Amino acid sequence: MAHSDICILGTGAHVPAKVLTNHELARMVDTTDEWIVTRTGIRERHLAGKNEPTSMMAAAAARAALADAGVTAEQVDLIILATLTPDQPMPATACLVQHLLGVPARAACFDLNAACSGFLYALDTAWAMLASGRYRHALVIGAEKLSSIVDWTDRSTCVLFGDGAGAAVLGPARGTARLLGTRLYAEGAHAHLLCVPRGPKPVIQMKGREVFKNAVRQMEDAVREILEQHGLTAAQISSVIPHQANLRIIESLAQYLGLPIERFIVNLDRYGNTSAASIPLALDEARRSGRVRAGDTTLLVAFGAGLTYGAALVRW
Ligand code: ACO
């Protein structure tokens, strides 16, 4: 299958029912709703319960994406699950999702960890594997249970994260939702800025200000390069789906690119930062709410631990 024949056939999303508001968080750590909203834009996040592992959220999002695409589990021959919170170190959570969905044994299934850029890394990988002609229908999933690696006593990080999953089905073209291109990067020299060091209870540690500065620079670079590669100007981009980490990061990016903030699809107020799930959650919401229409060009752009970053272009 040629690269140009591969489309996003459907999308789906799932978030756990439990919601934790900023006001509730303010009773757990020394913070306020006002501080969280002004510094991040986040108002609430969804949290998975003890019996809601990443695999379960991933499978729910994948089922919705398959239904949307009109593709059956039997037709899927590739599952790539982007996550930094797998159910267990092994087996790969993608294999558990395969079993939950009833995807046949001949499918290739694996996890991929590129933190918050994970969905774009998975999209690029699936695209290349489909273009090889050896696979036909791929499930690309981003799913996270970040609540399991958050230090709930650290106010500088616990206010930022949430749980959830988003998925896309990739397959042969039906003329719309074509992937135009992807571009991935990593700067391992900055790995220490955002990490989960090994320990009795591994938790997220982050140098927030440095991550903020790098995030804006990296996403701007990624956007400029992918636009140049495709002979597009920022003005020709109908909508942008950025990684949902912090509204101020998104506003800075909009300013540097000279794009109105209205073109950015933002749902972090309701979900917080769900890492690899953030872009597919927003993508599904954008499609279902009519924010993206046939003929639109949408830019996806992410950054995350690694530090990884990247961008992708979709023509609807
Ligand atoms: N409530 C109240 N005060 C707080 C809180 C809180 N929740 N958290 C920190 N503060 C205090 C700090 O202690 C500090 O107080 P001090 O001045 O007395 O020392 C003050 O607020 C300012 O702290 P900063 O860290 O300088 O605040 P900043 O404006 O940089 O905002 C934030 C912090 C929101 C973390 C910001 O730096 C940020 O968003 N960084 C990027 C983070 C990010 O996107 N991470 C996700 C990466 S994606 C991935 O791969 C998981």
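The values are calculated or read from the model by the stated rules, or taken from the named source; none is laboratory data. Only a predicted model underlies this, so the values are computations on that prediction, with no experimental measurement involved. With ideal geometry, Cβ positions are generated from the backbone for all residues, glycine too; neighbour counts draw on all protein chains shown. Heavy atoms of the whole protein, side chains included, go into the accessibility calculation; ligands, DNA and RNA do not. Shrake-Rupley method; radii C 1.70, N 1.55, O 1.52, S 1.80 Å.
Odds and ends about this structure:
- Of the solvent-accessible surface of the range 29-113, computed with a 1.4 Å probe and all protein chains present, 56% belongs to carbon and sulfur.
- Rounded to the nearest 20, the size of the Cβ-charge dipole of the range 3-172 about its Cα centre is 200 debye, with Lys and Arg at +1 and Asp and Glu at -1.
- Put a plus charge on the Cβ of each Lys and Arg, a minus charge on the Cβ of each Asp and Glu, and nothing anywhere else: the dipole of the chain about its Cα centre is then about 180 debye.
- Sequence of F161, F212 from largest to smallest accessible area, 1.4 Å probe: F212, F161
- Accessible area per residue was computed with a 1.4 Å probe on protein heavy atoms; E228 scores about 150 Å².
- With the simple model of a label 7 Å out from the Cα in the direction of the Cβ, R39 to D151 spans 1.4 nm.
- Counting only whole DSSP H helices of the chain, the ones at least 30 Å long by C-alpha along their axis and with mean Kyte-Doolittle hydropathy no lower than -1.0 are 208-229.
- Within the range 206-316, percent of DSSP bridges classed antiparallel, to nearest 5: 60 percent
- Computed over protein heavy atoms with a 1.4 Å probe, the carbon and sulfur contribution to the accessible area of the range 178-315 reaches 49%.
- Segment T32-M90, extension gain: residue separation times 0.36 nm, minus the distance between their alpha carbons: 17.0 nm
- Among T153, V97, L184 - extreme Cα towards positive end, dipole of the chain, charges at beta-carbon: V97
- Average accessible area per residue (Å²) across the range 3-172 - probe 1.4 Å, nucleic acids and ligands excluded: 39 Å²
- Heavy-atom accessible surface of the range 178-315, averaged per residue, reaches 42 Å², computed with a 1.4 Å probe.
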